[in-house]
Every structure is written in C-alpha cells, then in structure tokens.
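Visitor: What follows is a structure written as structure tokens; I'll ask about it next.
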Amino acid sequence: RSNYRKTEAGAMMQPAAIYVFKPTTTVESGKFTSNNAVVICQVQGVYDVATLVINGGQFDAQGDSVCIATVTGKAVINDGIFNVEANGALIDANSGDSKQKTSTIINGGTFTATEGVAFYFSSAESTVIVNGGTFTVKSLVDGEAGTLVINGGTFNVDPSAYVASGKTVTNNGDGTWTVQ
C-alpha cells in the first residue's frame, strides 16, 4: 500500500515477490517473504486481465504489508498458508485508478493476521468471495466499501454481516465461527 514506482511502460508498481501481468500465472508451491506486497496481481493493458491461481505455498508479509494485492485482475486461492505481521492485510482488493472490477476468490487455505485485517478494500469496484479457508485475524474488513461474500470457512471473528443469503453461521463456542 506504499512504495509505488513507475515502470518503463508508465504503469505504477509496488515492489513484490511475484508480479502477474499476463493472462494466467499459477503458483503450486514455494515460500515467499517480503516486507511489502508478497503477491500483486495487476493488469498489463486495458484489455489483458491478469489472473493469479494459488494452489499452495507459504506467503509471509512482514511489517505493515499485504500478502495478496489484486489490482485490476483476478486471484483464485485454492490452498496455501498466508501470514501477515503487524497491521498489514491478507488481501488488498484494489482496482487501481482504472476503476475496473477486480475479484479474489478464496476456496481454501490458512490465513493469519492476528494484528491485522483479512480484507482491505482499496476500491468499491472490488469483490472478494470466500468459499472456504481458516481465518485468524484481528478484524475482517477495513477500507473503502467493496463487496465481501462469505459462503464458507472458519473464522475467529463473527462473519455474520458478510455471509451469503441461505448460508448458516455456527458459533462453535470456542471463539470460532463456521460458515456452511
């Protein structure tokens, strides 16, 4: 969310361990550590939407940083371990200056931000859909109004305000809630 620099093509970039500029990039495994954005998914041009698919790996964002920043693109997270230290965010849902719609779909994984937020919305044009995963966070949402829809998962904070119609929230009695 800071430290942007301009590329040769004039695009604004943030230092990151992984950049996705072309249609689809898949991460199967690996360990990625950064003191800024760990993964940033960004469109290369007006008509090329970048897509990031994460099937595994460990992503550690140190300091007040972000694990996944989806900027004018799409991220699909199927599995992995995502950790944020300090006041950072696990997911920064952002449409940049273009106001293009962005989406992040979470199907599974372990997400930890005990001092930070799960979803930081930098734009109202951004959507996050949670179908599964385990979340241990200080809070669920911060930032501008975006769209968060929770269809499934386990949370250490009550997710009831964001649960999709027809889904059930169960208070497990141990400080966790499950959506199914």
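Visitor: May I ask for the distance between the Cα centers of region 102-180 and region 68-94, given as a whole number of Å?
Guide: Here the answer is 12 Å between Cα centres.
Visitor: Next question. Among 132-140, 101-109, 27-35, what's the highest-first ranking by average C-beta atoms within 10 angstrom per residue?
Guide: Details: 132-140: 18.6, 101-109: 21.7, 27-35: 14.1.
With the highest mean Cβ count within 10 Å placed first, the list reads 101-109, 132-140, 27-35.
Visitor: Setting aside same-chain residues fewer than 8 positions from K101, which lysines have a Cα under 28 Å from its Cα?
Guide: Straight-distance partners of K101: K6, K22, K74, K138, K167.
Visitor: Right, something else. How far, in nm, would the chain grow between V169 and K31 when pulled straight, counting 0.36 nm per residue and subtracting the alpha carbon separation? Kindly include the intermediate steps, with their values, before the conclusion.
Guide: Values: separation 138, 0.36 × 138 = 49.68 nm, distance 3.29 nm.
My answer for the length gained is 46.4 nm.
Visitor: Could you estimate the translational diffusion coefficient of region 48-93 from the Stokes-Einstein equation, with Rh from the Kirkwood formula over C-alpha pairs, at 25 °C and 0.890 mPa s, in whole µm²/s?
Guide: Numbers: Rh = 11.0 Å.
Using the Kirkwood radius from Cα pairs, D works out to 222 µm²/s.
Every read-out reported here was derived from the displayed coordinates using simple, explicitly stated rules and does not represent laboratory data. Everything numeric here is computed off the predicted structure, so don't read it as measured data. Here Cβ is always computed from backbone atoms with ideal geometry, including for glycine, and neighbour counts include all displayed protein chains.
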